[in-house]
Amino acid sequence: MVGLFYMDEGARNFFTVKAPVTKLSDIKGLKIRVQSSALMLDTIAALGANPTPIDYAELYTSLQTGVVDGAENPPASYYSNKFYEVAPYYVLDGHTFSPSVVLCSEITWNKLSKEDQQILLEAGKLTEEYNRNAIEAADQKAYADLKAAGVTITELEDPEAWQEAMAPVYKKHGARFLDLIEQVKNIK
């Protein structure tokens, strides 16, 4: 496979029903909806919360009825799905980014002329830039709309404590990349 370009949906953040989350202790014991993925189950557990896999189509009702205490989504999805109506506390924790990598079969790639390969790579760079700008604009609009709707938007008081809580997750799911993980953590 040949990687052509990346896209993403922006930062994913937690939202909760009953109270804002600003400290690691605020999320402890909460039932947090996650997709059924070993990485996300372990991430939520490492934070001291109870990972609760629920179908996304059932999330609004699950928040409304108390099946779960919270979940996570990027701001535009949180707003467009109206989760703020039943879970009005949104914390800017940025615990996950979900990149999409656009790939091409190496066999197909090698059949293309150098000129066509260059055109695809340039189009990819333009797409990355467009995606980044569109996500940033959508996030800013969502934040403004959420504030207007009365959502309490908070920030973490001690982000380092959250990072430290991830140590077992990094070891389990990224053991081969611990040096790279450390480099990423140290980017300012």
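Among residues belonging to segment 28-39 that are touching a residue at least 40 places away in the same chain (Cβ under 8 Å) and outside any loop (DSSP other than H, G, I, E, B), point out the one that is surrounded by the most Cβ atoms within 10 Å (Cβ to Cβ). Walk me through it before giving the result.
We begin by selecting, within segment 28-39, every residue touching a residue at least 40 places away in the same chain (Cβ under 8 Å); these are 30, 32, 38-39.
Still in the running and outside any loop (DSSP other than H, G, I, E, B): 32, 38-39.
Numbers: ILE32: 24, ALA38: 10, LEU39: 14.
Only one residue fits best here, namely ILE32.
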- Message: Name the residue that is farthest from the chain's Cα centre (by Cα), counting only residues in segment 8-31 that are modelled with pLDDT of 95 or more and over 19 Å from PRO159 (Cα atoms).
- Response: LYS18
- Residues of segment 26-51 being among the hydroxyl-bearing types (Ser, Thr, Tyr) and either in contact with a helix residue (DSSP H, G or I) (Cβ under 8 Å, 6 or more places away or on another chain) or within 19 Å of PRO88 (Cα to Cα) (or both), in sequence order, are THR43
- Message: I'm checking my understanding of the structure. Among residues of segment 143-186 that are of a type in the set (S, T, N, Q) and not in a loop (DSSP other than H, G, I, E, B), which one is surrounded by the most Cβ atoms within 10 Å (Cβ to Cβ)?
- Response: THR154
- Query: In segment 94-139, what count of residues is obtained for those that are surrounded by 11 or more Cβ atoms within 10 Å (Cβ to Cβ) and polar (S, T, N, Q)?
  - Reply: 7
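Among the listed residues LEU146, LEU121, LEU126, identify the single one that is at pLDDT 95 or above and in contact with a Leu (Cβ under 9 Å, 6 or more places away or on another chain). If you could, list the steps in order and put the result at the bottom.
Values: LEU146 fails: in contact with a Leu (Cβ under 9 Å, 6 or more places away or on another chain); LEU126 fails: in contact with a Leu (Cβ under 9 Å, 6 or more places away or on another chain).
The conditions single out LEU121.
Any idea how many residues of segment 66-85 are closer than 20 Å to ILE44 by Cβ and free of Cβ contacts under 8 Å to residues at least 60 places away in the same chain?
Taking segment 66-85 first, the residues closer than 20 Å to ILE44 by Cβ are 66-75, 77-78, 81, 83.
Those left that are additionally free of Cβ contacts under 8 Å to residues at least 60 places away in the same chain: 66-71, 81.
The number of residues fulfilling the criteria is 7.
The values are calculated or read from the model by the stated rules, or taken from the named source; none is laboratory data. A quick note: this is a predicted structure, and the numbers were derived from the prediction, not measured. So basically every Cβ, Gly included, is an ideal-geometry build from the backbone, and we count neighbours across all protein chains shown.
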